[in-house]
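The values are calculated or read from the model by the stated rules, or taken from the named source; none is laboratory data. This structure is a prediction, so every number in the text was calculated from the model and none was measured. Heads up, the Cβs are rebuilt from the backbone with ideal geometry, glycines too, and the neighbour counts pull from every protein chain shown. Note: accessible area is taken over every heavy atom of the protein model, side chains too, but ligands, DNA and RNA are not part of it. Shrake-Rupley method; radii C 1.70, N 1.55, O 1.52, S 1.80 Å.
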Amino acid sequence: MDRNANAPWSKFDPEAYDDDNYRTPLEVDLLITRLMRDYFTRCLGGVFPRSARGIDVDDGANLYPALSMLPWCEKLLLLEYAQPNVEYLKKQVSPAGYDTAWDPFWDELRKVPAYAAVEPRGRVGEVVRVERGNLFDLEGGDRRWSLGTRFFVADSMSEAPEEFHRGVRCFMNALGEGAPFAAAFMKESVGYRVGAHDYPAYGVNEETVRLSLAPFTGELEIHDLRHAVRPGHEEMLLVLGRRNSKIAVP
Ligand SMILES: C[S@@+](CC[C@H](N)C(=O)[O-])C[C@H]1O[C@@H](n2cnc3c(N)ncnc32)[C@H](O)[C@@H]1O
């Protein structure tokens, strides 16, 4: 069984990953962006002061979850383990500004007033920080965030079921009481290739996801996006919810 520590993360190729997944935006990612935008707007209000501390966990080379949190954050952390992705992200938040590949995602976000009021490249440079770190090291720590995202990772970092559950626990326990969050999962993934390397996955379905998150949430909606995905591409689940008040150790 391929565990998290054995996967070739140091060889992860962010450019190949973005070519495969985001450079030409899929309708399903744009749909996820809109659902997340509307959920965060519902939770945080159209003109909320910039007081949230946001985190995107295992950010990889995907900027759209971070962009979706931008209007509400005074600080926004991108936590990522693979060094090539950390370098990619540092370039995205540098004064040169992020790649134009992310503009179609912002175009979806800025259709609502809370986002339209933001100049995204300037704001990213102002509030976003990139940190190299291992998600599992958050366990037992006292760092907490008030808004969070975690995309295509819980199910895409290990074949081991206990590492899937541990990853979910680490993310959810890093969120403070009432924190809105969004998480996305590939359904029944059997692993994936990036460039010349293979990466492990643990097959999940709606039930697995619901059961793993239930102890941590007071509010949970799961969107099965199977109808929005192009042929040959795996189905996706989007989860939107709020952290409850319990520190759960299921
Ligand atoms: C399938 S990619 C998902 C990337 C991105 N979030 C997205 O939405 O496309 C999995 C990511 O998890 C990161 N990762 C794997 N194990 C990790 C760990 N223990 N701690 C933090 N990040 C990890 C990898 O480096 C990779 O960037």
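Just a few scattered comments:
- Restricting segment 57-81 to residues that are within 12 Å of the ligand (Cβ to nearest atom) and over 16 Å from Tyr98 (Cα atoms), the residue that is farthest from the chain's Cα centre (by Cα): Tyr81
- Answer residue from segment 8-25, given it is part of a loop (DSSP other than H, G, I, E, B) and open to solvent by less than 20 Å² (accessible area, probe 1.4 Å) and is nearest to the ligand (Cβ to nearest atom) among those: Phe12
- Hey, Thr41 more than 12 Å from the ligand (Cβ to nearest atom), out of contact with any Cys (no Cβ under 6 Å at 6 or more places or on another chain), polar (S, T, N, Q) and not in a loop (DSSP other than H, G, I, E, B) or not: yes
- Hits in segment 105-120 - residues which are buried (at least 16 other Cβ atoms within 10 Å of the Cβ) and part of a helix (DSSP H, G or I): Phe105, Trp106, Glu108, Leu109, Ala114, Tyr115, Pro120
- Set Leu240, Leu225: member being of a type outside the set (Asp, Glu) and modelled with pLDDT of 95 or more: Leu240
- With respect to the conditions (1) farther than 22 Å from His223 by Cβ; (2) within 12 Å of the ligand (Cβ to nearest atom); (3) surrounded by 20 or more Cβ atoms within 10 Å (Cβ to Cβ); (4) free of Cβ contacts under 8 Å to residues at least 60 places away in the same chain, Val194 lacks only one, and its number is (4).
- Residue check, Glu162 over 23 Å from Cys73 (Cα atoms) and at pLDDT 95 or above: yes
- Any chance Gly141 is part of a helix (DSSP H, G or I) and farther than 26 Å from Met1 by Cα: no
- In the set (1) hydroxyl-bearing (Ser, Thr, Tyr); (2) within 13 Å of the ligand (Cβ to nearest atom); (3) surrounded by fewer than 23 Cβ atoms within 10 Å (Cβ to Cβ), the condition left unmet by Ser51 is number (2).
- Sole residue being open to solvent by 30 Å² or more (accessible area, probe 1.4 Å), within 23 Å of Cys170 (Cα to Cα) and either part of a helix (DSSP H, G or I) or of a type in the set (Gly, Ala, Ser) (or both), chosen from Ala61, Ala66, Ala5: Ala5
- Single residue of segment 156-191 satisfying the filter (within 11 Å of the ligand (Cβ to nearest atom) and polar (S, T, N, Q)) that is nearest to Ala61 (Cα to Cα): Ser156
- Taking the numbered list (1) away from the ligand (no atom under 13 Å from the Cβ); (2) part of a helix (DSSP H, G or I); (3) of a type in the set (S, T, N, Q) in turn, Thr33 passes all entries but (1).
- Of all the residues in segment 70-102, those that are assigned to a helix (DSSP H, G or I), of a type in the set (Val, Ile, Thr) and surrounded by 15 or more Cβ atoms within 10 Å (Cβ to Cβ) number 1.
- So Gly203, is it touching a helix residue (DSSP H, G or I) at 6+ places or on another chain (Cβ under 7 Å), more than 9 Å from the ligand (Cβ to nearest atom), within 29 Å of Pro8 (Cα to Cα) and touching a residue at least 40 places away in the same chain (Cβ under 8 Å): no
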